[in-house]
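What follows is a single structure, written as structure tokens, with notes after it.
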Amino acid sequence: MARTGSPATRHVAAVERAVAVLDALAAAGELGTNEVARRTRLNASTASRQLATLVAAGLVAHVAETGRYRLGPRLVELGNAALAGLDVRAIARPHLRALAAATGETATLSVPGEPDAITVDFVQSAASVQSVARLGRPSVAHATAAGKVVLAFGEVSLPSGPLRRFTGATITNTADLAAEITAVRRRGFAQALGEREEDLNAVAAPVWGVRGELLAVLGVQGPAARFAAPAIERALRELRDHAVAVSSALGGGLARASAEE
């Protein structure tokens, strides 16, 4: 048989039934055999065999006190292994392209540093006048949108002592920076308007990992003459949607939602 590199189109019915059982337990928490059968539309004997097989594999746990079933600890191991194989750059790349196309500006992907964010990927604007992004360039924590996201949501402390002034709009007072970071946490995104470079505006939003940690920062930046208030508002809608989508693809959406409840 020729190898196509694509999954086969024919499915194994027993595996599909096992997945249905796991989905039912994921939705309900704990279920008895008859409840599993009803939710999966299996007969009770089939549901019982499925549960016994999944228990033997560690994918389902039997609760002796109640006789019911719940998801097993091996799923955590498998989930962590799957997440470890995800490349944030590969997952975010289509979203960077979509952001650049939708906004007409440069879209960036950064990862948290100590304390500055570091650019690891970007898609340049197609406009003749562009903001310049560079791989490996630090986003100064107190003077950039990506840097402020790291200060707001990363495991770093606010800088102390005098803050370097880059432009007339740079925040140089630590109390003012603390107030700004509080505002970033409240609204869920950061912006920097001419704070590192006079003619550059940017917005950025967090990308969450599976444990609810800050995994990356998605941003949009452009020349201040073009990327001003109305354009920034439009870009924010796109940015936040794509940040949520990347987080979900990395397993971080549900973890963060649970942490915020």
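The values are calculated or read from the model by the stated rules, or taken from the named source; none is laboratory data. Keep in mind that this is a model prediction, so the values were computed, not measured. As a convention, Cβ positions derive from the backbone with ideal geometry for all residues, glycine included, and neighbour counts pool all protein chains shown.
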For this session: Looking at (1) crowded, with 19+ Cβ neighbours inside 10 Å; (2) at pLDDT 90 or above; (3) assigned to a helix (DSSP H, G or I), find the lone condition where Ser248 falls short.
Result: (1)
For this session: Could you look through segment 101-124, keep only residues that are at pLDDT 90 or above and of a type in the set (Val, Ile, Thr), and pick out the one that is surrounded by the fewest Cβ atoms within 10 Å (Cβ to Cβ)?
Result: Val123
For this session: Note down all Cβ pairs under 6 Å where the first residue falls in segment 27-50 and is assigned to a loop (DSSP other than H, G, I, E, B), the second is surrounded by 15 or more Cβ atoms within 10 Å (Cβ to Cβ), and they're at least six residues apart or on different chains.
Result: Glu30/Arg68; Glu30/Arg70; Gly32/Arg68
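Working only within segment 188-204, note down all residues that are surrounded by fewer than 24 Cβ atoms within 10 Å (Cβ to Cβ), touching a residue at least 40 places away in the same chain (Cβ under 8 Å) and not in a strand (DSSP E or B). Give the steps one after another, and end with the answer.
Taking segment 188-204 as the starting set, the residues that turn out to be surrounded by fewer than 24 Cβ atoms within 10 Å (Cβ to Cβ) are 188-189, 191, 193-194, 196-200.
Those left that are additionally touching a residue at least 40 places away in the same chain (Cβ under 8 Å): 188-189, 191, 196, 200.
Scanning segment 188-204 gives Gly188, Phe189, Arg196.
Restrict the check to segment 205-215 and report whether at least one residue is assigned by TED's automatic domain parsing to the domain that holds Arg137 and either more than 20 Å from the chain's Cα centre (by Cα) or in a helix (DSSP H, G or I) (or both). Don't jump to the end; show me each part of the working.
The first filter runs over segment 205-215 and keeps only residues assigned by TED's automatic domain parsing to the domain that holds Arg137, leaving 205-215.
Right, trim to either more than 20 Å from the chain's Cα centre (by Cα) or in a helix (DSSP H, G or I) (or both) and you get none.
Checked segment 205-215: no residue is assigned by TED's automatic domain parsing to the domain that holds Arg137 and either more than 20 Å from the chain's Cα centre (by Cα) or in a helix (DSSP H, G or I) (or both).
Is it the case that segment 70-83 has a residue that's touching a strand residue (DSSP E or B) at 6+ places or on another chain (Cβ under 6 Å) and modelled with pLDDT under 95? Lay out the reasoning, then the answer.
In the first step, residues of segment 70-83 are kept if they are touching a strand residue (DSSP E or B) at 6+ places or on another chain (Cβ under 6 Å); the result is 70, 72.
Now drop any that are not modelled with pLDDT under 95, which leaves 70, 72.
Yes - at least one qualifying residue is present in segment 70-83.
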